[in-house]
Amino acid sequence: MAAKAAKVIVNPAAGQGNSGKIWPEVEARLRAALGPIDIAVTASAGEETSLARQALADGYSHFIAVGGDGTMNGVLNGVMGDGAPANSDVRLSVIPAGTANELARAVGVHGDLDGAVNGIAAGREQRFDLLQADCAGLTGGDHRHYGVLAVSWGGAAEIVYRTNNSRFLKKLGGRFSYYVNTILVTLNYPNRSCDLTIDGALTAALLHYSGLICNTEILGGGMRLAPGADHTDGLADLLLFKDIARRDIILQKPSWLFEGHHIEHPKIDLLRGRDFAVTGSSEALVDADGETIGRLPLTVTTLKQALPVIG
């Protein structure tokens, strides 16, 4: 039996509508490079997951996400089983068309439509580690979610939540909204205490502002948040902002995060591990790949090279 065509899941709203504008051109390039493709277009936020899950049930195995990292993460969570893709044939590809396209950057096709399409057509496979996050759900109960870029809690997750829910600021641009909310959260978000365990080693009553468990080196639109992070080594890099003075964040040059100089600050740690557990205030939000997924407590397990990516 011939393999099914690739399933292309398009989020036309990604990148303030840029994805929808360029989609006709992307579609023509994909058809020219791949031949027959099957297309599903999202009509509402978060629909990527249900569309991917249905396509998986229908026998599709190669999924192409057209949008940003949120679109990619939605597709990813639609094709996951328990600790691995739902079947061994599942492959994921991305066409960068959103505000943030960090998986595309890690693959090597950031901002390059031709490169993304040609890479998919060439069929080159890279295997990425996955972050399996278990936390309290936003509406109660337990929630499991997968990320390929980072899982964060505290201040960083609060910034993402406010950015995604600031309708007025988002109209002025996704990056502008992110910048404004970064300043507001940094000035006002309280330090909180948590118990942090990394590979069985416990640090109790840790006063901190935020933590980001990073799989890739570059995140958040080009910031080198986890210098040296390797998305294939089975380990994740925890970027921990402890009880840092907020002026030490606000008054830094923009290059501080984009060049990775923040890890030189004595109140910022970069710690490597495979298994992480965080217990603390249930008011602290949890985020995966730029999507709010729940609240503390949180556990994260690194799944070595669990995700095949074509590109």
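Readers should treat all values here as calculations from the given coordinates under stated rules, not as data from a laboratory. Note that this is a predicted model, so its numbers are computed, not measured. Counting neighbours? That spans all protein chains shown, and the Cβs are built from the backbone with ideal geometry, glycine included.
In debye to the nearest 20, how big a dipole does the chain give about its Cα centre with +1 on each Lys and Arg Cβ and -1 on each Asp and Glu Cβ? Each step should come with its number before you reach the end.
On the way: 27 positive and 33 negative charges, 144 e Å.
For this selection, approximately 700 debye.
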task = Could you work out which residue, out of SER166, SER61, SER152, moves most in a Gaussian network model of the chain, that is, has the largest mean-square fluctuation with Cα springs under 10 Å?
result = SER166
note = Diffing region 7-13: the Karplus 3J(HN,Hα) column from phi (6.51, -1.76, 1.60, θ = phi - 60°), in whole Hz with x for Gly and Pro, holds 9, 9, 10, 10, 9, x, 7
key: Unit charges on C-beta of K, R, D, E only; dipole of region 131-310, Debye   = 700 debye
inquiry  = 7 Å from Cα along Cα→Cβ at both ILE37 and THR301: what's the point-to-point distance in nm?
reply    = 3.5 nm
key: CD proxy at 222 nm, helix term only [per DSSP H run n ≥ 4: -39500 (n - 2.57); per residue of the chain; nearest 500]   = -8500 deg cm²/dmol
ask   = Straight-line reach from LYS21: which aspartates and glutamates have a Cα under 13 Å away, not including same-chain ones fewer than 8 places off?
value = none
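Pairs of lysine in region 131-310 with Cα under 26 Å and at least 8 positions apart or on different chains: total? Walk me through the numbers before you get to the answer.
Details: LYS170/LYS253; LYS242/LYS253; LYS242/LYS267; LYS253/LYS267.
Lysine pair count for region 131-310: 4.
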query = Taking the DSSP beta bridges in the chain as the whole, what percent of them are antiparallel, to the nearest 5?
reply = 80 percent
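State, as an integer percentage, the relative contact order of region 6-123 based on alpha-carbon contacts under 8 Å between residues 6 or more apart.
Values: 201 pairs, mean separation 35.1, N = 118.
Relative contact order, region 6-123: 30 percent.
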query = How high is the FRET efficiency from ASN188 to ILE263, r the C-beta distance, R0 30 Å, rounded to 0.05?
reply = 0.75
note = Measuring from its Cα centre, region 6-123 shows a charge dipole (+1 at each Lys and Arg Cβ, -1 at each Asp and Glu Cβ) which, in debye to the nearest 20, is 120 debye
note = In a Gaussian network model of the chain with springs linking alpha carbons closer than 10 Å, the residue among LEU257, LEU184, LEU30 that fluctuates most is LEU184
message = Using the basic label-point model (7 angstrom from Cα toward the beta carbon), what is the TYR179 to ASP248 distance in nanometres?
response = 2.5 nm
note = Everything considered on the Cα gyration tensor (a ≥ b ≥ c; rounded for a/c under 1.5, else prolate if a/b is larger than b/c, else oblate), region 6-123 must be described as rounded
request  = Could you check which residue among PRO12, PRO85, PRO36 shows the biggest mean-square fluctuation in a GNM of the chain with a 10 Å Cα cutoff?
outcome  = PRO36
